[in-house]
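Below is one structure, written out as structure tokens; comments come after it.
Read-outs: derived from the displayed coordinates by stated rules, not from any lab. As the structure is a prediction and not an experimental result, all values here were calculated from the model. Every residue, glycine among them, receives a Cβ derived from its backbone with ideal geometry; neighbour counts consider all protein chains shown.
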Amino acid sequence: MDRHSQKLVVRNIGLMLSGMLEHPILDADCIVAVDGKIAAIGFEKDLDTDGATTTVDAHGVTLAPGLIDSHVHPVIGDYTPRQQQLHWIDSTLHGGVTTMISAGEVHLPGRPKDVVGLKAMAIASQRWYENFRPSGVKVHAGAPILEEGMVEQDFKDLADAGVKLLGEVGLGTVKDGKTARQMVGWARKYGIQSTIHTGGPSIPGSGLIDADMVLETGADVIGHINGGHSALPDDQIICLCENCSKGLEIVHNGNERAAVLTLNTARELKQLNRVILGTDGPAGSGVQPLGILRMVSMLSAFGNVPAEQAFCFATGNTARERGLDCGILAHGRSADFVLMDQAQHAPGKNILESVQLGNLPGIGMTIIDGVICSHRSRNTPPAQRLPQEVTA
Ligand SMILES: [Zn+2]
């Protein structure tokens, strides 16, 4: 470690959630990060904690990877015209989310739909969120919507310019599986990941995408398999789970019954690793600062999933499906954390039981790239205990 390095030590951690379904709880009480990456995990007595530039005493609370929202629709900075909301990303950070993935910047008033215009906007969106992290949150954006007339060279141009995501397939003029499949193939060839809108129309002007179109298109992630808002019939949801190996994205802005059906089907297939979570916010149902936490507790409660596994849906699973270096507590990964505790007066003998009973935890701190980004959440119920930054 050179003398300009930043070293973070978080000690007295009561419970450490790994983000990994196979072993969701780590036997450790301390984590060390150097220059934004996890350097060591273990017991404080065994770790080199000297020379820390930031020390956090967790006071026995739980530390998990920062939550990932797999499905958002940002536009610019921390403003969304969709519900005229300012600071919705900051509010979401207070819900434990440290990374967001754009499913298309569709709410921009006057969004260009000609090919040169949509490419320019995607590149600009990618840049402005790369250059500016609202309240520290990592927003992966610049996700163009497929429109008729795009050719292979357009995908190469986008990839060369740094675009890594497609917006939800089906939101533009490309509405047939054959054309969508060809474009998703071009995107994949140049390293651009794809997501497809699934289910009924979201708002006036959008359309139905059924299981046949999802399967024919073959996008990398089945976006909001529980609908956004209207879900497909049960047999089509089960068909999607059974007949492809793509990510199964469940969103807050969808049908909760269909969410539980998806979860139960994935479990029967022994494929809970495919389940990832998003909010789809800002959407018709508003912005959802606690949306990811609410999905974790809802699925844990109604899907009978241990809370420590449900947190993996919002962390390690998403990181793997999306190719991100956060979401898992392991050496070399991004030091993006959420510290939380059982909410005051919430039933349950500990935080995990409390979440599985359907309650939200109280968030006490978020950390992104080894830097403290927020303290006690203004949005969650108050936690029993709070972590504290201590001066050396
Ligand atoms: Zn959608």
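Annotation: amide H-H contacts under 5 Å for ILE276 (H modelled 1.01 Å from N, sequence separation of 5 or more, or interchain): LEU248, GLU249, ILE250. This ranking places ASP50, ASP220, ASP35 by how few other beta-carbon atoms lie within 10 Å of each, fewest first, which gives ASP50, ASP35, ASP220. For the chain, the longest principal axis of the C-alpha atoms and the axis of helix 291-302 are separated by about 80°. Among the listed pairs LYS7/LYS270; LYS113/LYS138; LYS246/LYS349; LYS175/LYS246, a Cα-Cα separation exceeding 31 Å is found for LYS7/LYS270; LYS246/LYS349.
Once the mean of 1/r is taken over each pair of separate Cα atoms and inverted, the chain shows a Kirkwood hydrodynamic radius of 21.0 Å. Beta-bridge orientation, the chain: approximately 55 percent antiparallel, per DSSP, counting only bridges with both partners inside. Among GLN126, GLN309, GLN344, the residue with the largest mean-square fluctuation in a Gaussian network model of the chain, with springs joining Cα atoms closer than 10 Å, is GLN344. Taking 7 Å steps out from each Cα toward its Cβ at ASP235 and ALA124 produces label points 4.7 nm apart. Among GLN193, CYS244, ILE222, whose Cα sits farthest toward the positive end of the charge dipole of segment 67-289 (+1 at Cβ of Lys/Arg, -1 at Cβ of Asp/Glu, about the Cα centre)? Of GLN193, CYS244, ILE222, it is GLN193. Less than 5 angstrom separates the built amide H of VAL169 from those of THR195, ILE196, HIS197, all sequence-distant by 5 or more or on a different chain. If only the Cβ of Lys and Arg carry +1 and only the Cβ of Asp and Glu carry -1, the dipole of the chain around its Cα centre is close to 320 debye. Note on LYS178: aspartates and glutamates with a C-alpha under 13 Å away, same-chain residues under 8 apart excluded, are GLU148, ASP212, GLU216. In order along segment 242-250, the Karplus-derived 3J(HN,Hα) couplings, from 6.51 cos²θ - 1.76 cosθ + 1.60 at θ = phi - 60°, round to 7, 9, 8, 10, 6, x, 9, 8, 10 Hz, and Gly and Pro are given as x. Classified by the C-alpha gyration tensor, segment 226-333 has an oblate form. Its axis ratio a/c, with a ≥ b ≥ c, is 1.5 or above, and a/b does not exceed b/c.
What the phi angles of segment 83-93 give under the Karplus curve with 6.51, -1.76 and 1.60, with θ = phi - 60°, is a coupling list of 10, 6, 10, 9, 6, 6, 6, 4, 5, 6, 4 Hz, glycine and proline written as x.
Result for the chain in a Gaussian network model with C-alpha springs under 10 Å: among LYS349, LYS119, LYS37, the largest mean-square fluctuation is at LYS349.
In a fully extended conformation the segment linking LYS113 and VAL390 would gain 94.6 nm over its present Cα-Cα distance, using 0.36 nm per residue. Taking only the C-alpha atoms of segment 2-54, Rg followed by Dmax gives 11.8, 38 Å.
Across the options LEU158, SER125, ILE101, the greatest Cα extent toward the positive end of the charge dipole of segment 96-189 (unit charges at beta carbon of Lys, Arg, Asp, Glu) belongs to ILE101. Each peptide among 312-318, 10-16 gets the average number of other Cβ atoms lying within 10 Å of its residues, and from highest to lowest they stand as 312-318, 10-16. Looking at segment 67-289, the DSSP beta bridges with both ends there are about 20 percent antiparallel. Under the rule a/c < 1.5 gives rounded, and otherwise a/b versus b/c splits prolate from oblate, where does segment 1-159 land using the Cα gyration tensor? The shape class here is prolate. Computed on segment 67-289, with alpha-carbon pairs under 8 angstrom and 6+ residues apart, the relative contact order is 20 percent. Kindly identify segment 67-289 as rounded, prolate or oblate by the Cα gyration tensor criterion: order the square roots of the eigenvalues as a ≥ b ≥ c, call it rounded if a/c is under 1.5, otherwise compare a/b with b/c, prolate if a/b is larger, else oblate. Oblate, since a/c reaches 1.5 and b/c is not below a/b. Residue-wise HN-Hα couplings along segment 322-327, as the Karplus relation 6.51 cos²θ - 1.76 cosθ + 1.60 with θ = phi - 60° gives them from phi, are 9, x, 9, 9, 10, x Hz; Gly and Pro carry x.
Centre-to-centre, using Cα atoms only, segment 229-273 and segment 283-353 are separated by 18 Å. Taking packing as the residue-averaged number of other Cβ atoms within 10 angstrom, the listed peptides 91-104, 292-305, 21-34 run from highest to lowest as 91-104, 292-305, 21-34. Amide H contacts for ARG333 (H built 1.01 Å from N in the peptide plane; partners 5 or more residues away or on another chain; cut-off under 5 Å): ILE38. With the gyration tensor restricted to C-alpha atoms of segment 164-314, the semi-axes of the equivalent ellipsoid amount to 24, 17, 14 Å, longest first.
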